[in-house]
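The structure under discussion appears below in the form of C-alpha cells.
Read the figures in this text as sums done on the coordinates, not as results from a lab. All figures in this text were calculated on a predicted structure; none of them were measured in a lab. Positions of Cβ are backbone-derived with ideal geometry, glycine not excepted, and every protein chain shown enters the neighbour counts.
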Amino acid sequence: MSLEVLQGQRALVTGASSGIGEAVAIALGKAGAKVVVNYITGEEEANRIVASIKASGSDAMAIRADVSKEDQVQSMFQQMIETWGSIDILVANAGVQRDADFAEMTLQQWQFVLDVNLTGQFLCCREAVREFIRRGIKPELSRSAGKIICMSSVHEVIPWAGHVNYATSKGGVNMMMQSIAQEMAVKKIRVNSISPGAISTPINTSAWSTPEAEAELLKLIPYQRVGKPDDIARAAVWLASDDSDYVTGISLFVDGGMTLYPGFREGG
Ligand code: BGC
C-alpha cells in the first residue's frame, strides 16, 4: 500500500477521543485524510488528538456531538461540510457498554446502549449517504462516491452473557451495514464493518489489565495476544482506501482468531 492513500479525502470518526476511535483517526490522518475527531466527553483528549494529526501533516478538527441525537449529528455533518466541502469517509465507531445480568438489566441500560451503538450508527450513516449521493464520485479523490466503516464487534456473532444489550446492538449493526451496502452499491458507495476482538482500550480494562485477567482472556484468543488499537486502525485505512475498492458489505474480523471457537481446539 502506498503512503498517503487517502490524500485529500475528508474523514469523520465518531467516538474518536479514546481507544479504537483515537487510533483510527490518527491513522487516517497519517494516510493523508483530513479528520473530524468527534467526541462527547473528553474535550481535552480530542484536542490533543487533533494536534497530533496536524503535527503529522493533515488538517483536523474536534466536534462535540452525541451520535444518538439527530439534531446534533446533523449539525456536526453540516459543520464539517461547510468547513471542508464534503465528506469521503465515515467511521461510525462510537460505542458504549452498560453491562448487567439479564434479569437485572434496566430499560435504561438497554436503551442507552442501543441508542448509541445502533441508532447512533444509523444517524451518522444516513447523513453520510445523503452527502455521498449529493456529491457523487470525484475520480481525483477516490473511485467510489464514499466509504462507510461501521465499528462492530466479534459479538455481532458471539453471544455474550451479561452483555445482552451490547451483543444485540452489534448484531443489529451487522444487518444494518449489509442492508445499506446492498442498497447503496449501485450508487458506488461502499459500506463495510470491522469486527474487533479483544483490543486493549478503556472499554474493557478489567479484561486485560492484570496478569490473571489477561491469562483468562488469552484462552479465548488463538493468536495469543490481546489486540492493539493500531491493529484496527490499519484495517480501517485499507477499507477506506481504493485498495479495497471491490469490497462492500463485509464484516472484517480483526480478532486474533477469537471467532474460531478456540474451545474446540481440543474439545468436540
Ligand atoms: C467489547 C470488549 C470485549 C471484546 C471481546 C468488544 O466488542 O467491547 O469489552 O473485550 O469485544 O469480548
Matching residues in segment 152-168 - criterion: being within 11 Å of the ligand (Cβ to nearest atom), of a type in the set (Ser, Thr, Tyr) and over 15 Å from Asp255 (Cβ atoms): Tyr166
If Arg190 meets every condition in (1) within 15 Å of the ligand (Cβ to nearest atom); (2) buried (at least 19 other Cβ atoms within 10 Å of the Cβ); (3) among the charged types (D, E, K, R) apart from one, which number is that one? (1)
Quick one: Val191 ticks every box in (1) assigned to a helix (DSSP H, G or I); (2) of a type in the set (A, V, I, L, M); (3) in contact with a Ser or Thr (Cβ under 7 Å, 6 or more places away or on another chain) bar one, so which box is it? (1)
Suppose we filter Glu131, Glu127, Glu140 for residues that are more than 14 Å from the chain's Cα centre (by Cα), among the charged types (D, E, K, R), more than 16 Å from the ligand (Cβ to nearest atom) and assigned to a loop (DSSP other than H, G, I, E, B); which single one remains? Glu140
Against the condition outside any loop (DSSP other than H, G, I, E, B), surrounded by 15 or more Cβ atoms within 10 Å (Cβ to Cβ) and either within 16 Å of the ligand (Cβ to nearest atom) or under 14 Å from the mean Cα position of the chain (by Cα) (or both), how does Val116 come out, does it pass? yes
In segment 1-99, which strands (runs of 3 or more DSSP E) lie fully inside it and hold 2 or more residues that are more than 23 Å from Asp245 (Cβ to Cβ) and touching a residue at least 24 places away in the same chain (Cβ under 8 Å)? 34-39, 60-64
Given the conditions (1) of a type in the set (Gly, Ala, Ser); (2) within 15 Å of Gly197 (Cα to Cα); (3) in contact with a Gly (Cβ under 7 Å, 6 or more places away or on another chain), report the number of the one that Ser152 does not fulfil. (3)
Can you confirm whether segment 210-225 contains a residue that is more than 19 Å from the chain's Cα centre (by Cα) and among the β-branched types (Val, Ile, Thr)? yes
